[in-house]
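Everything below concerns the one structure shown next.
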Amino acid sequence: MNKDNILEVRHVHKRFTSKNVTVKAVTDVSFEVKAGQTIGIVGESGCGKTTLGRCIVRAYNASEGEVWYRTAAGEELDFLKADKKKMKLIRKEIQMIFQDPYSSLDPRMTVLDIIEEPLKANFPDMPKAKMDELAKDMAAKVGLNPTYLMRYPHAFSGGQRQRIGIARALVINPRIIVCDEAVSALDVSIQAQVINLLCDLQKEMNLTYLFISHDLSVVEHISDRVGVMYLGRMVEYGDTEQIFSHPRHPYTEALLSAVPVADPNYQVERIPLKGEIPNPANPPSGCYFHERCSYCCEQCCTESPAYIEVEPGHYVACHRANELELRGFDYK
Ligand SMILES: Nc1ncnc2c1ncn2[C@@H]1O[C@H](COP(=O)(O)OP(=O)(O)O)[C@@H](O)[C@H]1O
Ligand SMILES: [Mg+2]
C-alpha cells in the first residue's frame, strides 16, 4: 500500500445470482483513499454505489477483488480475506451510516440504548456505567439534548434521527465511515446542518469518509476526491476540482450539466442522457455507456475502454478521453 493511504480498493466485483440471472452490480472497481480525506461516490440510482459501500465494510462478500486497509495499529491487510478473529478486531474501525435513519433505528429502544448498542456488541465486558458515559458524550458531540436520551426514535425529526444514527456509528471510535445517501432524505436546510456536523466530527475524530450520494451538489462541497459510477463501473475518479471543472468522461459531463444552479445569470445547456440505464443483468457490449453517449464512435460499441490515468491521480475509462473537450461546472 501507498503509505498515505488508509484504503486501497482493487478490482472489486460483486455479482448477485438468482434464478440463473446474474446481475453485475459492481464490476472491476479500483480506487485509493488517503487517510483523513472524504471521497464522494456519485452516479444514478442502481449504478452500484450501495453494493460497493457494502462490499467495502464487508456487509457483502465481494465476488472478486481486494480491499487493502491500514489498521489503527499500522498493519496492512486485505480486509476481504481477513479471518474471523481479525475481522472482530477491525470491523469496528469501519462503520456505515444509512439513508433512512428511521428504518435503521429500532422503535422499541430508547435513544441511549440505540447509541450504546454497538458498544455492547463490540465491547461486551465494558461496564454499563462506562457505556452510558461514552454514549452521552457522543450524543452531546452530535448535538442531541441529553434530556432526549430516554425517549424513543419516533419522537424525533428526520434531522435528529440522522444525528442518532451518526452517534451510533461513531460511539465505537471508528476510522472510516461509509455514509450511504446519509442526507438524501432530508430537507435542504437540514442537509446543510448534518453535513456541517459531519465535517466538524471528521476534524475532531480524524475520520475518513466515503460519501455516497446520487446528488452531485452535496458531494461537491465536502469531497476531496470524487468517483463517478455507471452501471457498476467506476468511469472517472479524481480530485473534486478536476472532476467538476474538467471532467474527462462524457457521463460525468452529462451529470454535471443536470445539476441545478442557483445563479439565474448562469445558463448551461443540459446534455440530455438518451434512454434509460441499461439492465445490469444484460449490459451493452463495448463501453457500457455507449448507447447513451453523444460522443460514441465505432470502437465504443465493441471494445470496453481501459481505466487509464490521464493526469496524475485522475482516472477515466473512455476511448476518447484524450481528444474530447468536455464542459465542466465552472460558473463560480
Ligand atoms: N441483494 C441484491 N440482490 C440482487 N440484486 C441486487 C441486490 N442489491 C442490489 N442489486 C442490484 O444491483 C444493482 C446496483 O444496486 P445498488 O448498489 O443498490 O445501486 P445504487 O446504490 O447506486 O442505487 C441494481 O441493479 C440492483 O437491482
Ligand atoms: Mg443506494
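General observations
- Helices (runs of 4 or more DSSP H) contained in the range 1-117 and holding at least 2 residues surrounded by 16 or more Cβ atoms within 10 Å (Cβ to Cβ): 49-56, 101-104
- Against the criterion of being under 26 Å from the mean Cα position of the chain (by Cα) and either outside any loop (DSSP other than H, G, I, E, B) or of a type in the set (Lys, Arg) (or both), Glu291 does not qualify.
- Residue, nearest to ligand 1 (Cβ to nearest atom), within the range 149-189, restricted to residues that are polar (S, T, N, Q), in contact (Cβ under 8 Å) with a residue 12 or more places away in the chain and assigned to a helix (DSSP H, G or I): Gln162
- Within the range 190-217, the residues that satisfy the criterion of being part of a strand (DSSP E or B) and either among the aromatic types (Phe, Trp, Tyr) or at positive phi (or both) are Tyr209, Phe211.
- The number of residues in the range 286-332 being among the small types (Gly, Ala, Ser) and in contact (Cβ under 8 Å) with a residue 24 or more places away in the chain comes to 5.
- Meets criteria (within 15 Å of ligand 1 (Cβ to nearest atom), part of a loop (DSSP other than H, G, I, E, B), over 30 Å from Leu170 (Cα atoms) and β-branched (Val, Ile, Thr)) for Ile271: no
- Residue count for the range 118-148, restricted to those that are surrounded by fewer than 19 Cβ atoms within 10 Å (Cβ to Cβ) and without any contact (Cβ under 8 Å) to a residue 24 or more places away in the chain: 16
- Single condition Cys47 does not satisfy, out of (1) out of contact with any Asp or Glu (no Cβ under 8 Å at 6 or more places or on another chain); (2) within 14 Å of ligand 2 (Cβ to nearest atom); (3) farther than 15 Å from Val235 by Cα: (3)
- For Leu52: the one exception among (1) more than 8 Å from ligand 1 (Cβ to nearest atom); (2) closer than 23 Å to Leu256 by Cβ: (1)
- Filter result (buried (at least 24 other Cβ atoms within 10 Å of the Cβ) and away from ligand 2 (no atom under 13 Å from the Cβ)) within the range 195-218: Tyr209
- Flag if Pro260 is touching a residue at least 40 places away in the same chain (Cβ under 8 Å), in a loop (DSSP other than H, G, I, E, B) and either buried (at least 21 other Cβ atoms within 10 Å of the Cβ) or in the same structural domain as Phe98 (by TED's automatic domain parsing) (or both): no
- Count of residues meeting criterion [in contact with a helix residue (DSSP H, G or I) (Cβ under 7 Å, 6 or more places away or on another chain), among the β-branched types (Val, Ile, Thr) and within 12 Å of Gly43 (Cβ to Cβ)] in the range 201-242: 4
The values are calculated or read from the model by the stated rules, or taken from the named source; none is laboratory data. Since we're looking at a predicted model, the values are computed, not measured. Ideal geometry is used to build each Cβ from the backbone, glycine not excepted, and the neighbour counts take in all protein chains shown.
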